[in-house]
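Notes to accompany the following structure.
The values are calculated or read from the model by the stated rules, or taken from the named source; none is laboratory data. What you are looking at is a predicted structure, and each value in this text was computed from that prediction instead of being measured. No Cβ is skipped: glycine too gets one built from the backbone with ideal geometry, and neighbour counts run over all protein chains shown.
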Amino acid sequence: MAMDSHFDLDREALAASIAGTDHLLFRFATVSPRVFVDFRSEGEVGPVVHVLPPAGSLVERLVSIREARPELPLPDRLMLIAAPARVRGLERMGALDAIRDRLAGLDACDQRIELDLACEPLQALEREEMRRAITGEGYRTVWTSAPER
């Protein structure tokens, strides 16, 4: 077991889940876009990594997956990983290494780069949200400061 923030994490179980599924969808507590990893290949079509926009329902999510992978059927099952930490926490949790290893085993080296590139804008969104939280932009406080005497 390892710790990421204050959450217990079984790295071996996470790696086994990543190794045993065709699709992954990472949901982050800090940003609304999701990272979608599809390990399937068919003919000239190989694995992909996509950043999907926020979706308000399962139907909207399936539409976004269809748009990302129009050449392949929709997944029968979709593994959703709710990442309790920030996007960078995927690295500390070992999730990105497990995905990179799986992609390398599929000769999907370009998709390993896509994985890293997919995380960059999400980290920028997190930094912007952090700035907004600190400055109060778009946030309401639950209490007001007492006037100085």
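Here are some notes:
Yes/no per residue for (1) free of Cβ contacts under 8 Å to residues at least 12 places away in the same chain; (2) touching a helix residue (DSSP H, G or I) at 6+ places or on another chain (Cβ under 6 Å); (3) among the hydroxyl-bearing types (Ser, Thr, Tyr):
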position: LEU52; (1), (2), (3): no, yes, no
position: SER57; (1), (2), (3): yes, no, yes
position: LEU62; (1), (2), (3): no, no, no
position: ARG66; (1), (2), (3): yes, no, no
position: ARG77; (1), (2), (3): no, no, no
position: ARG86; (1), (2), (3): no, yes, no
position: THR135; (1), (2), (3): yes, no, yes
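Residue-by-condition table, conditions (1) under 17 Å from ILE18 (Cα atoms); (2) part of a loop (DSSP other than H, G, I, E, B); (3) among the aliphatic types (A, V, I, L, M):
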residue	(1), (2), (3)
GLU67	no, no, no
GLU71	no, yes, no
ASP76	yes, yes, no
ALA82	yes, no, yes
ALA118	no, no, yes
GLU137	no, yes, no
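- ALA118 vs. criteria of a type in the set (Gly, Ala, Ser) and surrounded by 12 or more Cβ atoms within 10 Å (Cβ to Cβ): yes
The rows are residues; the columns are (1) surrounded by fewer than 19 Cβ atoms within 10 Å (Cβ to Cβ); (2) closer than 29 Å to GLU12 by Cβ; (3) at pLDDT 90 or above; (4) not charged (D, E, K, R).
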{"residue": "ARG40", "(1), (2), (3), (4)": "yes, yes, yes, no"}
{"residue": "GLY46", "(1), (2), (3), (4)": "yes, yes, yes, yes"}
{"residue": "VAL63", "(1), (2), (3), (4)": "yes, no, yes, yes"}
{"residue": "GLU67", "(1), (2), (3), (4)": "yes, no, yes, no"}
{"residue": "GLU71", "(1), (2), (3), (4)": "yes, no, yes, no"}
{"residue": "MET79", "(1), (2), (3), (4)": "yes, yes, no, yes"}
{"residue": "ALA124", "(1), (2), (3), (4)": "yes, no, yes, yes"}
{"residue": "MET130", "(1), (2), (3), (4)": "yes, no, no, yes"}
{"residue": "GLY136", "(1), (2), (3), (4)": "yes, no, no, yes"}
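This table checks each residue for (1) in a helix (DSSP H, G or I); (2) over 15 Å from HIS50 (Cβ atoms); (3) out of contact with any Pro (no Cβ under 7 Å at 6 or more places or on another chain); (4) of a type outside the set (S, T, N, Q).
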residue	(1), (2), (3), (4)
ALA98	yes, yes, yes, yes
ASP101	yes, yes, yes, yes
ASP107	no, yes, yes, yes
ARG112	yes, no, yes, yes
LEU115	yes, no, yes, yes
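- Evaluation of ASP110 against (1) under 20 Å from GLU42 (Cα atoms); (2) in contact with a helix residue (DSSP H, G or I) (Cβ under 8 Å, 6 or more places away or on another chain); (3) without any contact (Cβ under 8 Å) to a residue 40 or more places away in the chain (one fails), failing number: (2)
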